[in-house]
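Colleague: Please see the structure below; I have some questions.
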Amino acid sequence: MSASLAVSILGAGVMGGNHARTLAALPGAKLHRIFDTDAARAETLAAQTGAAATADLDQAVAGADAVVIAASSSAHAALAQRVIAAGKPVLIEKPFAVTLPEAEAVIGKAEKAGVPVATGHVERFNPAFVTAQKLIQGRRLLAIDGRRLNVGSNRILDTDVVIDLMIHDIDAAVALIGGSPQGLLAQGFAVAGEGAKRDHVLAAWTQATPDPVRVSMLGSRLVPDRVRETRVLTDDGLVVIDFLTRTVQASESLLPDGQSDGRALVPVPVQPQESLAAELTQFLDGIRAGKPEAVGVTVQAALPVLSLVWAIQQQLYGA
């Protein structure tokens, strides 16, 4: 395998476009093919990024060193299994599956084939989260409060707000504290009728660790403003992560040179980093190194996050 890896992208929508443009500018990567069932859309994105377009899935996968799946959420698992069967490392945009049987099938086939499979929890690569994670490390956590609010759109219609938006903050909480959820309570509503997907959801639970952590999440696609904020309360002070502005504030007591009892929030320096580029770089570096566990957030690591998403959805929708 050459140092410059040829990468095909399955899906030429918004996320496919983001991946294509990022990969086109990424050292050590070369766009191979853009696949979409809408041939015209694939051709448009391919022309913009210097790749070849195809509406043939097998042709898109053939000749690639790695594949990125950025199609609609409901298609992720089926596409992933086709790519794994071809023996190609794959990065699947979140969620990598929308049901437990799909998730188990992807993980099972990946492990049997020995194929590296990562999933796109891109906020783990957000420089604000990276900075906050280092600041929090080793401290006793008391509570995590996440808010991810958005204006409604017609871009994602096949999933609800939990698996569309809230999943990022659930993943951040799992990455920060591990453990398992207990005492989950979730409620939500929609405005488009009785059978509609919930677009405004509040969920709370206790993450069982040696020191239990209270977690609450609010996700909405019904508000006029965008919010991407997580607050982490430790026994030494508060950390505020703004995923949108990529900034961090923390109680002065948490800083190395701060006052030991200082509770005022102060800005924390954040090293600039483009999240998607960092995620794709780690994916490709893991492939080059031959280390399936080093390609980013593996599907095995992402399963507890999806399990919590499904538990919330079970409370919202029932069986």
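The values are calculated or read from the model by the stated rules, or taken from the named source; none is laboratory data. Keep in mind the model is a prediction, meaning the values are calculated, not measured. Here Cβ is always computed from backbone atoms with ideal geometry, including for glycine, and neighbour counts include all displayed protein chains. Just the protein is used for accessible areas: all its heavy atoms, side chains included, with ligands, DNA and RNA removed. Shrake-Rupley method; radii C 1.70, N 1.55, O 1.52, S 1.80 Å.
Colleague: First measure r as the distance between the Cβ atoms of ARG263 and PHE189, then evaluate 1/(1 + (r/R0)^6) with R0 = 35 Å and state the FRET efficiency to the nearest 0.05.
Modeller: Plugging the Cβ-Cβ distance into 1/(1 + (r/R0)^6) gives 0.45.
Colleague: Using 1/(1 + (r/R0)^6) with R0 = 22 angstrom and r between the beta carbons of THR37 and ALA86, what's the FRET efficiency to the nearest 0.05?
Modeller: Details: r = 18 Å, r/R0 = 0.83.
Once rounded, the FRET efficiency stands at 0.75.
Colleague: Calculate one ³J(HN,Hα) per residue across the range 53-69 by plugging θ = phi - 60° into the Karplus curve 6.51 cos²θ - 1.76 cosθ + 1.60, and present them in order as whole Hz with x for glycine and proline.
Modeller: Along the range 53-69, the couplings run 9, 7, 10, 10, 4, 4, 5, 5, 7, 4, x, 8, 8, 7, 9, 10, 9 Hz.
Colleague: Setting aside same-chain residues fewer than 8 positions from LYS112, which aspartates and glutamates have a Cα under 15 Å from its Cα?
Modeller: The reachable aspartates and glutamates, counting only those whose Cα sits under 15 Å from LYS112, are GLU104, GLU293.
Colleague: Do the sum for the chain: with -39,500 (n - 2.57) for every DSSP H run of n ≥ 4, divided by all residues, what is the mean residue ellipticity at 222 nm, to the nearest 500 deg cm²/dmol?
Modeller: Working: 9 runs with 106 residues, N = 319.
For the chain, the value works out to -10500 deg cm²/dmol.
Colleague: Apply the Karplus parameterisation 6.51 cos²θ - 1.76 cosθ + 1.60, with θ equal to phi minus 60°, to every residue of the range 167-174 and state each ³J(HN,Hα) to the nearest whole Hz, in sequence, with x for glycine and proline.
Modeller: Ordered by residue, 3J(HN,Hα) equals 4, 5, 6, 4, 4, 4, 5, 4 Hz.
Colleague: GLN314 to ARG288: extension gain in nm, 0.36 nm per residue of separation minus the Cα-Cα distance?
Modeller: On the way: separation 26, 0.36 × 26 = 9.36 nm, distance 3.98 nm.
Contour length minus Cα-Cα distance gives 5.4 nm.
Colleague: Hey, in the GNM for the chain with a 10 angstrom Cα cutoff, which one of VAL117, VAL268, VAL305 fluctuates hardest?
Modeller: Maximum among the listed residues: VAL268.
Colleague: For the range 202-218, just list the computed ³J(HN,Hα) in residue order, Karplus coefficients 6.51, -1.76 and 1.60, θ = phi - 60°, integers in Hz, with x standing in for Gly and Pro.
Modeller: Listing the rounded values in order: 10, 9, 9, 7, 10, 8, 7, 9, x, 10, x, 10, 7, 10, 9, 9, 10 Hz.
Colleague: In addition: Considering the dipole of the chain built from charges on the beta carbon (Lys and Arg +1, Asp and Glu -1) around the Cα centre, which of ALA78, ALA3, PHE96 is farthest to its positive end?
Modeller: In the chain, that residue is ALA3.
Colleague: With point charges of +1 on the Cβ of Lys and Arg and -1 on the Cβ of Asp and Glu, referenced to the Cα centre of the range 131-267, which listed residue (PRO212, VAL161, VAL232) lies farthest in the positive direction of the dipole?
Modeller: The residue sitting farthest along the positive end of the dipole is VAL161.
Colleague: Still on this structure, I have one more. Helix 76-85 versus the longest principal axis of the chain: what is the Cα-based angle in degrees, 0 to 90, to the nearest 10?
Modeller: The answer is roughly 50 degrees.
Colleague: So if I place +1 on the C-beta of Lys and Arg and -1 on the C-beta of Asp and Glu, and nothing else carries charge, what would the dipole magnitude of the range 95-231 be about its Cα centre? I want it in debye, nearest 20.
Modeller: Working: 16 positive and 15 negative charges, 89 e Å.
Dipole size: approximately 420 debye.
Colleague: Another question, then. Would you work out the charge dipole size for the range 1-86 about its Cα centre, treating the Cβ of every Lys and Arg as +1 and the Cβ of every Asp and Glu as -1, and quote it to the nearest 20 debye? Display every interim value, and only then the final one.
Modeller: Numbers: 5 positive and 6 negative charges, 39 e Å.
Magnitude of the dipole: close to 180 debye.
Colleague: I want to check the label-to-label distance for GLN273 and LYS30. Put each point 7 Å from Cα in the C-beta direction and report it in nm to one decimal.
Modeller: Each label point is offset 7 Å from its Cα along the Cβ direction, giving 2.8 nm.
Colleague: While we're looking at this one, here's another question. Over the range 67-175, average the accessible area per residue using a 1.4 Å probe and give it in Å², no decimals.
Modeller: On the way: 3940 Å² over 109 residues.
For the range 67-175, the solvent-accessible area averages 36 Å² per residue.
Colleague: Taking the solvent-accessible surface of protein heavy atoms with a 1.4 Å probe, what is the per residue accessible area of the range 244-298 in Å²? Mind dumping the intermediate values first?
Modeller: Values: 3040 Å² over 55 residues.
Dividing the accessible area of the range 244-298 by its residue count gives 55 Å².
Colleague: About the Cα centre of the chain, how large is the charge dipole given +1 on each Lys and Arg Cβ and -1 on each Asp and Glu Cβ? Please answer in debye to the nearest 20.
Modeller: On the way: 27 positive and 32 negative charges, 45 e Å.
Computed about the Cα centre, the dipole is about 220 debye.
Colleague: Roughly how many percent of the accessible protein surface of the range 205-319 is carbon and sulfur, given a 1.4 Å probe and a whole-percent answer? Display every interim value, and only then the final one.
Modeller: Details: 2920 of 5430 Å².
C and S atoms contribute 54 percent here.
Colleague: Got the relative contact order for the range 241-297 handy, in percent, Cα pairs under 8 Å and 6 or more residues apart? Each step should come with its number before you reach the end.
Modeller: On the way: 59 pairs, mean separation 12.7, N = 57.
Relative contact order comes out at 22 percent.
Colleague: May I pose another question? What are the residues whose amide H is under 5 Å from the amide H of ALA190, where those residues sit 5 or more places off or on another chain and H is modelled from the backbone?
Modeller: Under 5 Å from the amide H of ALA190 lie the amide H atoms of ASP199, each far enough along the sequence or on another chain.
Colleague: Hey, if you put +1 on the Cβ of every Lys and Arg and -1 on every Asp and Glu Cβ in the chain, which of LEU142, ALA25, THR245 ends up farthest toward the positive end of that dipole?
Modeller: ALA25
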